[in-house]
Amino acid sequence: MNHFELRDGELHCEDVPLARIAEAVGTPVYVYSSATLERHFTVLRDALTGAGVRDPLIAYAVKANPNIAVIRTLARLGAGADVVSEGEVRRALAAGVPPERIVFSGVGKTEGEIAFALKAGVAEINVESEPELDLVNRVAQDLGVRAEIAIRVNPDVGAGGHDKISTGKADSKFGVSFSEAERLYAKASNLAGVRPVGVACHIGSQITDLAPMEEAFVKMRGLVQRLQSEGLRVERLDLGGGLGVPYFNQPEPPSPGDYAAMIARATSGLDVGLAFEPGRMIAANAGVLLSRVVHVHQRPDRRFLVLDAAMNDLLRPAMYDAYHDIRPVNPRGGEAQAYDVVGPVCETGDTFTRDRKLPPLARGDLVAFMTAGAYGAAMSSEYNSRPLVPEVLVKGGEFAVVRPRPSYDDMLARETPAPWL
Ligand code: LLP
């Protein structure tokens, strides 16, 4: 459920007409709903606790939508943060996430990033390989601390909405095998700079089938039990993120209730704290990308809807052939027509969709790309020297610009001249 709906023939975000935001801030612009972010977080937490999961750590995957206002909205409800770079650690801290709720994942954390995270006091570093274990051990000893770590396992289970976002197969770069995890866990428990506290996995994103998740999690339970039977202490099991959301062209995702029931089944009998790293299921349906029609360009065989948003603002269609529902903000009656919806960027990949049936649209009309709150603004760029897309957060009848659109002067001023030019 989300809080974008038609009221009096106009698409609103909560109590604010989207047209009012477009007027005030210009387009393209991302618009997020606080109520939807809050709802998704509480629905997940309530489902998990309802299924008997005690005090889960829900570490919001910051990469999905790293805007500080978004993170802060969730942190106020008790969310932690799953981060993958020093920049994300800094964002989580700036948003008020307590360090003891921050989990640091990622295959290539640098020495500097590890040191920064340890000084900040993050709860756990998810170690993805033996060289990384050795590095964390050394950096922690140099700082005179003992790093709490989890070993990230690659459960060799394929899942996810697209090859580029499937992370759990043995040939992907993430994590180590089960046997390697056992060896590294034992090794880590003898190192002076680390204290192994758990194991972690994340098998992919936009997963709409619970079966591969359950298969992976049951394997993780087996690993925890083997480690414990070897006399090793395991306190935490981090099951990652990955739960899919409805994009309209994909299978319906499981309900939070079904997900939670599966978690309870897969982890039954374990006495460990559970952690989760949801990104998309919290943020995707809490945001839209609002754009204005620049032209309707009719060719004999095709009709192009040329928007002022482009692939640099929303990369997912170009990168993953992703489908985003497109809705007129002020729908008029009339028979639906097929449009190729494109942006102004100079490559054919800047096509959001082809032959999409939409109600009649004209120059100046506003459209909203739905389900764009996750991996939308997060992946935006200034390609073609288009200023970075701004972001707006709505709460009830209020809205605030939480990332302003840079001016052209701001954009140019970031560069410095070469002395010989
Ligand atoms: N934890 C780890 C270690 C991850 O790598 C990810 C996502 C998550 C959690 C959050 O997964 P989620 O709950 O959002 O599925 N840019 C792509 C998605 C990439 C996902 C990368 N990792 C897209 O637009 O579909």
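The values are calculated or read from the model by the stated rules, or taken from the named source; none is laboratory data. Remember, it's a predicted structure, so these values are computed and weren't measured experimentally. Glycine also receives a Cβ, built like all others from the backbone with ideal geometry; neighbour counts cover every protein chain displayed. SASA here: full protein model, heavy atoms, side chains in, ligands and nucleic acids out. Shrake-Rupley method; radii C 1.70, N 1.55, O 1.52, S 1.80 Å.
Couple of notes before you dig in:
- Accessible area of the chain divided out per residue, in Å², using a probe of 1.4 angstrom: 42
- Order of exposure, largest accessible area first, which applies to His12, His297 with probe 1.4 Å: His297, His12
- q = 0.09, 0.10, 0.12, 0.13 Å⁻¹, the chain: log10 I(q)/I(0) [Debye, one scatterer per Cα]: -0.59, -0.72, -0.98, -1.11
- Glu180-Gln225 pseudo-label distance in nm [points 7 Å out on the Cα-to-Cβ vector]: 2.5
- Size of electric dipole in region 34-280: Cβ of Lys, Arg +1 and of Asp, Glu -1, about Cα centre, debye, nearest 20: 440
- Carbon plus sulfur fraction of accessible area for the chain, probe 1.4 Å, in percent: 50
- Stretchable slack from Arg76 to Arg265, in nm (0.36 nm times residue separation minus alpha-carbon distance): 65.1 nm
- Computed E for Asn384/Met1 - FRET, C-beta separation, R0 45 angstrom, nearest 0.05: 0.80
- Considering only alpha-carbon pairs that sit under 8 angstrom and 6 or more positions apart, the relative contact order computed for the chain is 19 percent.
- Cα gyration tensor, region 17-118 - rounded (a/c under 1.5), prolate or oblate: oblate
- Listed by chain and number, the lysines placed with their C-alpha closer than 17 angstrom to that of Lys164 are Lys63, Lys173; residues fewer than eight positions away on the same chain are left out.
- Shape category assigned to region 34-280 from the gyration tensor of Cα positions, a/c cut at 1.5: oblate
- Length gained on full extension, Ala94 to Phe304: 71.3 nm, using 0.36 nm per residue less the C-alpha separation.
- Selection from Phe304, Ile203, Val70, by position along the positive dipole direction of the chain (Cβ): Val70
- Amide H contacts of His12 (H built 1.01 Å from N, in plane; Pro and chain starts excluded): Glu5, Leu6, Arg7, Leu18 sit under 5 Å, all sequence-distant by 5 or more or on other chains.
- Degrees separating the helix 34-50 axis from the principal Cα axis of the chain, which is the longest one: 30
- Extension gain from Asp8 to Asp46, taking 0.36 nm per residue of separation minus the Cα-Cα distance: 10.4 nm
- Per-pair calculated FRET efficiency, R0 = 35 Å: Asp55 and Asp321 via Cβ, rounded to 0.05: 0.35
- Helix 210-229 vs. the chain, principal-axis angle (Cα, 0 to 90°, nearest 10): 20
- Ranking of Asp209, Asp321 by solvent-accessible surface, largest first: Asp321, Asp209 (1.4 Å probe, protein heavy atoms only, all chains present).
- The residues neighbouring Phe41, those whose beta-carbon lies less than 14 Å from its own, together hold a net charge of +2 under the Lys/Arg +1, Asp/Glu -1 convention.
- Of all DSSP beta bridges in the chain, antiparallel share, percent nearest 5: 50
- Range in the chain, longest, excluding exposed chymotrypsin sites (Phe, Trp or Tyr not before Pro) [loop by DSSP; at most 11 other beta-carbon atoms within 10 Å]: 1-247
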